[in-house]
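In what follows, a single structure is set out as structure tokens and then discussed.
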Amino acid sequence: QVQLVESGGGLVQPGGSLRLSCAASGSIFKLNAMGWYRQAPGKQRELVAIIRGGGSTNYAGTVKGRFTISRDNARNTMYLQMNSLKAEVTAVYCCNADVHRYGSTWYEDYWGQGTQVTVSS
């Protein structure tokens, strides 16, 4: 099996920064695209940023220029550097990955449990 574990969330004041991590472990042959999603109370889950296996990235318009997604393929870990945080980004942030497991012939979709990010003074 494969597990995705997020870390780095917490309470931060407006204007502050946080760095989220998503560590993938288990029977992983290869990780393809990985992404960060968030869900605020009463709202639908939305894509924050995505990074493909080759390193290309896309961001939601609301975070472009303030958030940076990256990955360390040797560690099977993805990051989200969040700067200039505003209250409206408060949400549970989850990571997602397309995983090619050993012994499998296709990619499977996995999700982490999420980490809470709260921006408040």
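Just give me the residues in the range 1-10 being assigned to a strand (DSSP E or B), open to solvent by less than 40 Å² (accessible area, probe 1.4 Å) and of a type in the set (Gly, Ala, Ser), in sequence order. Before you say what the answer is, go through the steps one by one.
Let us first name the residues in the range 1-10 that are assigned to a strand (DSSP E or B), namely 2-7, 10.
From what's left, open to solvent by less than 40 Å² (accessible area, probe 1.4 Å): 2, 4, 6, 10.
Correct list: Gly10 only.
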Report task. Please give the number of the condition Arg75 fails out of (1) farther than 24 Å from Ser17 by Cβ; (2) out of contact with any Leu (no Cβ under 9 Å at 6 or more places or on another chain). Result -> (1)
Report summary line: Filtering strands (runs of 3 or more DSSP E) wholly in the range 62-121 for at least 2 residues that are farther than 17 Å from Ser27 by Cα and modelled with pLDDT of 95 or more gives 67-72, 77-82, 91-101, 115-119
Report summary line: Selection from the range 71-110 of residues closer than 22 Å to Gly10 by Cα, surrounded by fewer than 12 Cβ atoms within 10 Å (Cβ to Cβ) and among the hydrophobic types (A, V, I, L, M, F, W, C) yields Ala87
**Report entry** Of all residues in the range 11-29 being within 19 Å of Ala87 (Cβ to Cβ) and open to solvent by less than 40 Å² (accessible area, probe 1.4 Å), the one that is nearest to the chain's Cα centre (by Cα)
**Finding:** Leu20
Report task. Scan the range 80-97 and report the pairs whose first residue is among the β-branched types (Val, Ile, Thr) and whose second residue is open to solvent by 60 Å² or more (accessible area, probe 1.4 Å) and at pLDDT 95 or above, with Cβ atoms within less than 6 Å and a gap of 6+ or a chain change. Result -> Val92/Gln39; Val92/Gln116
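Of all residues in the range 11-61, count the ones that are out of contact with any Ser or Thr (no Cβ under 8 Å at 6 or more places or on another chain) and part of a loop (DSSP other than H, G, I, E, B).
Residues of the range 11-61 that are out of contact with any Ser or Thr (no Cβ under 8 Å at 6 or more places or on another chain), as a first pass: 16, 18-19, 25-28, 30-39, 41-48, 52-61.
After this cut, where a residue has to be part of a loop (DSSP other than H, G, I, E, B) as well, the list is 16, 27, 41-45, 52-56, 60-61.
Counting residues in the range 11-61 that are out of contact with any Ser or Thr (no Cβ under 8 Å at 6 or more places or on another chain) and part of a loop (DSSP other than H, G, I, E, B) gives 14.
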Query raised in the report: So which residues in the range 30-70 are touching a residue at least 60 places away in the same chain (Cβ under 8 Å) and either open to solvent by less than 30 Å² (accessible area, probe 1.4 Å) or of a type in the set (A, V, I, L, M, F, W, C) (or both), if there are any at all?
Result: Leu31, Ala33, Met34, Gly35, Trp36, Arg38
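Which of the residues spanning the range 50-63 are within 20 Å of Cys94 (Cβ to Cβ) and touching a strand residue (DSSP E or B) at 6+ places or on another chain (Cβ under 9 Å)?
Matches in the range 50-63: Ile50, Ile51, Arg52, Gly53, Thr57, Asn58, Tyr59, Ala60, Thr62, Val63.
The values are calculated or read from the model by the stated rules, or taken from the named source; none is laboratory data. Owing to the predicted nature of the structure, the values given are computational and were not obtained by experimental measurement. FYI the Cβ positions are ideal-geometry reconstructions off the backbone, even for glycines, and counts take in every protein chain you see. Remember, those area values only see protein heavy atoms, side chains included, never the ligands or the DNA or RNA. Shrake-Rupley method; radii C 1.70, N 1.55, O 1.52, S 1.80 Å.
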